[in-house]
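Comments concern the structure below.
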Amino acid sequence: MKRLKEKILKEGLVLSEDILKVDNFLNHQIDPVLMQEIGQEFAKQFQQESVSKVLTIESSGIAPALMTALELGVPVVFARKKKSLTLTDSFYESKIFSFTKQEINTVVVSKKLLTNEDRVLIIDDFLANGQAAEGLIEVVKMAGAHLSGVGIVIEKAFQNGGARLRQAGIRVESLVEIASLANGQITFK
Ligand code: 5GP
């Protein structure tokens, strides 16, 4: 996606060899026009899949997931980081290691919101080592739902998440693939 690449080059900050900060348009401040284009692009790519629900994880996946769901005309569900929920047996639960925070989060999705009749499209902001996507895939499996695919705004192709998911036969579509962040330089694949 050309506009996304331009935005990353103009406003992205390379924090280290493996972390890109995009707080200006995706992770803190959100560019709604860009999110709309992202939603349109994902909707186009997955339009043949008869998606019934978009699934993401709070908080940074919500903006692109919402715009995709709007285009597809379906609801979006976001996995919530579990805090003081006690009724665990009415939730699908998955443990996800956060790459950026270096901590394990337990995320939950209400059993009422995902069923074995759903065809689920997972959307997230970044793909690094694949833990977030795998945790969401686990939730889809627990619900007995069909996984239509995974849509990623920015894939860091030098990390192994994308390769692992694709090897497992999962359709992964990334709008932008970054080959390297070495020496403070953003290099696209
Ligand atoms: P993974 O679970 O694939 O290792 O990492 C993906 C998750 O970590 C995403 O949900 C995203 O929030 C966060 N993340 C991973 N890499 C980056 C990065 O370079 N920049 C930002 N802002 N978030 C990242």
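The values are calculated or read from the model by the stated rules, or taken from the named source; none is laboratory data. Nothing here was measured: the structure is a model prediction, and the numbers come from that model. Counting neighbours? That spans all protein chains shown, and the Cβs are built from the backbone with ideal geometry, glycine included. Please note that ligands, DNA and RNA were not included when accessible areas were found on the heavy atoms of the full protein model with its side chains. Shrake-Rupley method; radii C 1.70, N 1.55, O 1.52, S 1.80 Å.
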key: Straight-distance crosslink candidates among aspartates and glutamates, where the alpha carbon sits under 17 Å from LYS81 and sequence neighbours closer than 8 are dropped   = GLU58, ASP89, GLU93, GLU103, ASP124, ASP125, GLU134, GLU138
inquiry  = Given a 10 angstrom Cα cut-off, can you work out which residue in LYS95, LYS81, LYS112 is the most mobile in a GNM of the chain?
reply    = LYS112
ask   = What aspartates and glutamates could a cross-link reach from LYS7, if we take a straight Cα to Cα line under 13 Å and drop same-chain neighbours fewer than 8 places away?
value = ASP23, ASP31, GLU37
Rg to Rh, two decimals, where the stretch 94-139 supplies the alpha carbon set and Rh follows Kirkwood = 0.99
key: Rounded percent of accessible protein surface that carbon and sulfur make up, the chain, 1.4 Å probe   = 49
request  = Could you work out the Kirkwood radius for the stretch 2-188, taking every pair of different alpha carbons, averaging 1/r and inverting it, reported in Å?
outcome  = 16.6
key: Reachable lysines from LYS44, criterion Cα separation under 20 angstrom, eight or more residues apart if same chain   = LYS2, LYS5, LYS53
Relative contact order for the chain, counting Cα pairs under 8 Å that sit 6 or more residues apart, in percent = 20
ask   = Per residue, how much accessible area does the stretch 62-189 show when a 1.4 Å probe rolls over the protein heavy atoms, in square angstrom?
value = 49
request  = Give, in nm to one decimal, the length gained when the segment between ARG164 and THR100 is fully stretched (0.36 nm per residue of separation minus the Cα-Cα distance).
outcome  = 21.1 nm
ask   = What FRET efficiency comes out for the pair MET1/HIS146, r = Cβ-Cβ distance, R0 = 41 Å, nearest 0.05?
value = 0.95
ask   = What residues from the stretch 142-165 fall in the zone where the backbone N is under 20 Å from a label point 7 Å along the Cα-to-C-beta line of GLN48?
value = 146-152
task = Determine ³J(HN,Hα), in whole Hz, for all residues of the stretch 97-111 in sequence, where each value follows from phi through the Karplus function 6.51 cos²θ - 1.76 cosθ + 1.60 and θ = phi - 60°; x replaces Gly and Pro.
result = 7, 7, 5, 7, 9, 6, 8, 8, 10, 8, 10, 10, 9, 4, 4
